[in-house]
Amino acid sequence: MIQFQPTSRSVSKFNVLAQPTQPMNIDDTVLYRLASLSHQKQWILFTAECPRPDYEQFASYNVSCKKIIQMRASQTQSEVEIVTKAIQSGNASAVVASNQISELDQALLTDLANQFQCAVFFVEGRSFQYH
């Protein structure tokens, strides 16, 4: 189970939106939905395979940027496994993953997210990895 501790030193100093980025290629309807979900108590989690969220883009849609966390890449787990654990943790109102996940796995993750009252979105992945 993934555990998030928002008061921990590592999370409070980790601000994914502090560095300048390029806007994501993400649908307006998804951004409006993320804005609504960002006002819940849980986090909006982005997988490492997604582009870094852009502050100006998200703020322009009224997304609460204080609720966004981009997870680090795992050396032992696939993106599908990471998304599954994030959904099951109950700590996320939404999980944003790359569309490089197969259509079958996307459908399975969407069903799982519905069971846990969590939204899951699939966006165009990073074109360059910076790890």
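Using a cut-off of 12 Å between beta-carbons, work out the net charge of the residues near ALA92 (Lys and Arg +1, Asp and Glu -1, ALA92 not included).
Here the charged neighbours net out to +3.
With a 1.4 Å probe rolled over the protein heavy atoms of all chains, the accessible area of VAL120, VAL96 falls in the order VAL120, VAL96, largest first.
PRE reach from SER36 (point 7 Å along Cα→Cβ): which of region 88-102 fall under 20 Å by backbone N? Under cut-off, by backbone N: 91-97. Each residue was assigned an accessible area with a 1.4 Å probe, and for ASP111 the value is about 90 Å². Annotation: SER36 carries an accessible surface of approximately 80 Å², with a 1.4 Å probe and no ligand, DNA or RNA atoms counted.
For PHE122, the residues 5 or more places off, or on other chains, whose built amide H falls under 5 Å of its own are ALA97. Electrostatic tally near VAL83: other residues with Cβ closer than 12 Å to its Cβ, Lys and Arg +1, Asp and Glu -1, net -3. A cut-off under 12 angstrom between Cβ atoms defines the neighbours of SER38, and their net charge, with Lys, Arg +1 and Asp, Glu -1, is +4.
The values are calculated or read from the model by the stated rules, or taken from the named source; none is laboratory data. Being a predicted model, the structure only gives us computed values, none of them experimental. Here the Cβ is made from the backbone with ideal geometry for all residues, glycine too, and neighbour counts use every protein chain on show. To get the accessible areas, we keep the full protein, side chains included, count just its heavy atoms, and leave off ligands, DNA and RNA. Shrake-Rupley method; radii C 1.70, N 1.55, O 1.52, S 1.80 Å.
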